[in-house]
Amino acid sequence: MSPQTETCPGCGAPVHPDDVACAACGLELASPAPPRRALPVVVGIAGVLVALAAGAGVWVLLTPKAPSPAASAQQQAAVAPPPQAAPEPPPAPTPIPQTATPDPAPAAPAAAPTLQTVPPGSQRPPMPSIPSDPGTRRDYAKSTQDAFKENGLDMTVTATGEGATVMTLKFNFPAKTAVDLISGGPFPRQCKARGFKQVVFIDANGTTTWTLDLDTDKLTQK
């Protein structure tokens with residue numbers, strides 16, 4: 001017996017691996033197993049088939065689908081511009097009869113503007129009518145003082161004299177420049193319109209004063 005002899009699982013009699021049944025008891029034996037050397041080849045072929053199937057699936061998913069012929073025709077019809085009719089030729093111009101046009105008459109020269117000038121030394125134009133009672137003059141002195149303080153100038157402004165006809169401005173700083181500016185501006189006219197007769201400026205030292213006569217516009221210093 002060859003070295004590959006096996007025993008029967010039923011009776012224990014020796015059997016050959018290629019036998020289909022036991023010669024002693026007649027028990028059917030298992031079919032011979034395929035050679036083991038074929039198993040790697042089968043496994044390799046199966047792996048190749050799986051890889052090919054997976055690759056084919058990915059290719060199908062990533063490949064854009066080609067549009068159907070009907071869809072392609074609709075897209076082309078939407079993109080193509082509609083046919084345009086040929087433009088009609090413009091109508092021939094109608095001749096306009098020309099008539100003799102008289103030459104325009106020369107325009108009359110514009111009159112030179114008249115400038116009203118005030119001769120030197122003449123009095124200033126009068127102010128509009130403003131109340132000129134003592135109460136109005138005192139209120140005007142108070143409002144003038146408030147206006148100075150709002151602009152950072154701490155000055156004392158009062159209406160003094162008989163009938164409150166003297167506007168007095170007392171400075172807390174050297175007043176020479178301020179006196180020149182105030183006396184040359186509209187302030188004296190506003191005082192005169194309210195019935196003031198004089199505007200007195202007092203320097204910060206309390207000894208130097210300037211008096212402006214509103215009737216003659218004359219400024220004197222003491």
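The values are calculated or read from the model by the stated rules, or taken from the named source; none is laboratory data. This is a predicted model, so every value here is computed, not measured. Ideal geometry is used to build each Cβ from the backbone, glycine not excepted, and the neighbour counts take in all protein chains shown. When the accessible area is computed, the model is the full protein with side chains, heavy atoms only, and any ligands, DNA or RNA have been set aside. Shrake-Rupley method; radii C 1.70, N 1.55, O 1.52, S 1.80 Å.
Note on Lys192: lysines with a C-alpha under 21 Å away, same-chain residues under 8 apart excluded, are Lys142, Lys170, Lys218.
Entry comment: accessible area of the stretch 130-222 is 55 Å² per residue, from protein heavy atoms only and a probe of 1.4 Å. Computed from label points 7 Å out along Cα-Cβ, the spacing between Thr177 and Asp133 is 4.2 nm.
Across the stretch 157-200, Cα pairs under 8 Å and at least six residues apart give a relative contact order of 47 percent.
Taking chymotrypsin sites (Phe, Trp or Tyr not before Pro) across the stretch 123-192, none is in a DSSP loop with at most 16 further Cβ atoms lying within 10 angstrom of its Cβ. Counting only residues at least eight positions apart within a chain, or on another chain, the aspartates and glutamates with an alpha carbon under 15 Å from that of Lys176 are Asp203. The aspartates and glutamates within cross-link reach of Lys197, meaning a Cα-to-Cα straight distance under 14 Å and a gap of 8 or more places when in the same chain, are Asp133, Glu162, Asp213, Asp215, Asp217. Annotation: extensible slack from Ala24 through Thr209 equals 50.4 nm (criterion: 0.36 nm per residue apart, minus Cα-Cα distance).
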